Amino acid sequence: MQRHHYSAVVLLSVGLIVSGIASADFLSMYKADALHPSASLTKSGMLSDYVPALKGTNGDTRVYYYESGNPGATILLLGGTHPNESAGFIAATVLVENAHVAKGRLIVVPQACASGFTVTDPLEGCPTHFTVAAQSGPRTFRFGARGGNPLHQWPDPLVYRHFPSGQQLSGMESRNLNRSYPGRENGSFMEKVGYAFVQMIKKEKVDIAFDLHEAAPEVMIINAIITHEKGSDIGASAVLNLEFEDLKYSLEISPKNFHGLSHREWGDSTDVVPFLMETSNPIQGRMRGITNEKLILEGQDPFYRIAAQLGTVRITYELDGEPLSLRVARHLQGFRRVVEAYNEAHPEKTAIVENVPEYLSVVKQGVGNFLR
Ligand SMILES: [Zn+2]
């Protein structure tokens, strides 16, 4: 064999090794996260139970039902609409693994956008997984992308035209579940996922629904509860009660002309009263530095700290950072107070969810303590 043949063999082998490692990394994100539901789980199902066309696709996702057997309100809670907003997914997981429903029903979907959990956002350098120290040992979860995997809906249009409003957004938003409501049965992959959630809300006669999110610290809507106009009284009452325990949430009413979002479209197309909650997450911010698992878990970033000290941006970045436990605790406490406010407004049809960890317990003991 001549020398250039050796070089070719060496280069080919290096190429095969690199692509082998990369493929293993890509495929690791298709491995489902293991969840361990509480003993109160009544049944588990799939999103495709509402739209069979989703069965076997990457849009299908697990649905957990907790039915008290006592008549009352039905609550739906979604985490993982945006899979890179880990506090939403983990707060939903804490409910799945702890909740006991004494009155009414609770339905939880921890990974609403299943497709987005199979990929990370390009050019962001984010980790694919993060590990939380749980009761029985380490638990590893996926850190996904904001939108669905481009391999599952390709190509992005230049302009995404929302159905049915005709509102125009950038093409990549066609893979954003929270721009895809109310969706359509024969629409794009993500429109089918959005449509399935609306069918679920209608079929299960959901009374009150939550969609848990996070946003960059510099974004105006952090630490907010956003609701449809029909939820404004309940939202105001919840925000006031949270204020009494020194927790600041701002109440935002969903803009009527901004289409595709859960808090707008669920409210417009069904009887449900929807709430979207946001926490502040430095890994999503444009000012962040090193982007790693530690940033997901501890939420400490030196650049946000400087920005906060200088007062140059409107952020709530405290000296201890914004750890996952704090962000999950805020979601759980917001959920608790909104449900209580709903019950006060609808004494004829209430829901009681027990075993939701208290805010201070989650902050002090760490969220891993509430993962089985
Ligand atoms: Zn979000």
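The values are calculated or read from the model by the stated rules, or taken from the named source; none is laboratory data. Since we're looking at a predicted model, the values are computed, not measured. Every residue, glycine as well, gets a Cβ built from its backbone with ideal geometry; the counts of neighbours run over all protein chains shown. SASA here: full protein model, heavy atoms, side chains in, ligands and nucleic acids out. Shrake-Rupley method; radii C 1.70, N 1.55, O 1.52, S 1.80 Å.
What do you get for chymotrypsin sites (Phe, Trp or Tyr not before Pro) in region 5-44 restricted to DSSP loop and a cutoff of at most 14 other Cβ within 10 Å of the site's Cβ?
Sparse-neighbourhood loop chymotrypsin sites (Phe, Trp or Tyr not before Pro): 30.
In the chain, the longest principal axis of the Cα atoms and the axis of helix 3-28 are about 10 degrees apart. Entry note, region 105-155: relative contact order of 40 percent, from Cα contacts under 8 Å with a spacing of 6+ residues.
Direction-averaged projected area, Cα convex hull, the chain: 21.6 nm², rounded to one decimal. Taken about its Cα centre, the chain carries a charge dipole of about 840 debye when Lys and Arg each add +1 at the Cβ and Asp and Glu each add -1 at the Cβ. So how exposed is residue 47, as accessible area in Å² (1.4 Å probe, rounded to 10)? Taking all protein chains as shown, residue 47 has close to 0 Å². Sorting 262-272, 90-100, 106-116, 230-240 by their mean Cβ neighbour count within 10 Å, with the most densely packed peptide first, gives 106-116, 90-100, 262-272, 230-240. Here the chain has 57 percent of its accessible surface on carbon and sulfur atoms, given a 1.4 Å probe and all protein chains in place.
Quick one: helix 232-244 against the long Cα principal axis of the chain, what's the angle to the nearest 10°, folded into 0 to 90? Orientation of helix 232-244: about 80 degrees from the principal axis.
Sequence-distant contacts, meaning Cα pairs under 8 Å at least 6 residues apart, place the relative contact order of the chain at 18 percent.
Across the options 155, 276, 227, the greatest Cα extent toward the positive end of the charge dipole of region 34-370 (unit charges at beta carbon of Lys, Arg, Asp, Glu) belongs to 155.
Its DSSP H runs of at least 4 residues, each contributing -39,500 (n - 2.57), put the calculated 222 nm mean residue ellipticity of the chain at -10000 deg cm²/dmol, to the nearest 500. Farthest toward the positive end of the dipole of the chain, out of 182, 59, 328, is the Cα of 59, where the dipole comes from beta carbon charges about the Cα centre. Among beta bridges from DSSP that stay inside region 34-370, the antiparallel ones total about 50%. Nearest 10 degrees is fine. How inclined is helix 189-203 to the longest principal axis of the chain, computing both from alpha carbons? The two axes meet at around 20 degrees. Heavy-atom accessible area for residue 19, with the other protein chains in place and a 1.4 Å probe, reaches approximately 60 Å². Using a probe of 1.4 angstrom and keeping all protein chains present, the accessible surface of the chain works out to 44 square angstrom per residue.
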